[in-house]
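Here's the structure we're looking at; comments come further down.
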Amino acid sequence: MEIDVQERDNSVFLKVHGDIEMMSIKTFKQKLFEIGQNTDKDIEIDLSEVDYIDSSGVGVLISLLKLQKKKEKELIIEKVSSKVLNVLKLSSLSDVFNL
């Protein structure tokens, strides 16, 4: 799994490549929380190239959402692959992330 990061005027944009699962969760969590703790901008995450996300990956997204809300900033999940969208819908989280 790789994460490309791009600073924008009002947000930090992340594009995730590869699956988010137990083998890659440490990297995913460290990168997202490093960005979340060091920015006062909204965070946008593109998950279009993620075919699989497990419960630990979903947990990281929820934790980042809570962190952003404490700062009164947004976590925007966009361009979600159909497989990831199905996982989020089954978890009743598609509404939480405004998908």
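Could you tell me whether Val58 is in contact with a strand residue (DSSP E or B) (Cβ under 8 Å, 6 or more places away or on another chain), closer than 16 Å to Ile20 by Cβ and among the hydrophobic types (A, V, I, L, M, F, W, C)? In short, no. Taken over segment 1-30, the residue count meeting the criterion of being surrounded by 15 or more Cβ atoms within 10 Å (Cβ to Cβ) and not in a loop (DSSP other than H, G, I, E, B) is 11. Among the residues making up segment 36-72, those that are of a type in the set (S, T, N, Q) and either more than 17 Å from Asp4 (Cα to Cα) or in a loop (DSSP other than H, G, I, E, B) (or both) are Gln37, Thr39, Ser55, Ser56, Ser63, Gln68.
In segment 21-38, the residues that are touching a residue at least 60 places away in the same chain (Cβ under 8 Å) and under 12 Å from Ser63 (Cβ atoms) form no Cβ pair under 9 Å with any partner that is among the β-branched types (Val, Ile, Thr) and assigned to a helix (DSSP H, G or I), whether six or more places apart or across chains. Among the residues of segment 28-78, those identified as among the β-branched types (Val, Ile, Thr) and in contact with a Leu (Cβ under 8 Å, 6 or more places away or on another chain) are Ile35, Ile43, Ile45, Ile53, Val58, Val60, Ile62, Ile77. For segment 1-17, the set of residues classified as under 12 Å from Tyr52 (Cβ atoms) and at pLDDT below 95 consists of Met1 only. Remark: pairs (first residue in segment 76-93, small (Gly, Ala, Ser); second residue part of a strand (DSSP E or B); Cβ separation under 8 Å; 6+ apart in sequence or on different chains) = Ser81/Leu47; Ser81/Ser48; Ser81/Glu49.
The values are calculated or read from the model by the stated rules, or taken from the named source; none is laboratory data. Fair warning: this is a prediction, and the values are worked out from it, not measured in the lab. Using ideal geometry, Cβ is built from the backbone for each residue, glycine included, and neighbour counts are taken over all protein chains shown.
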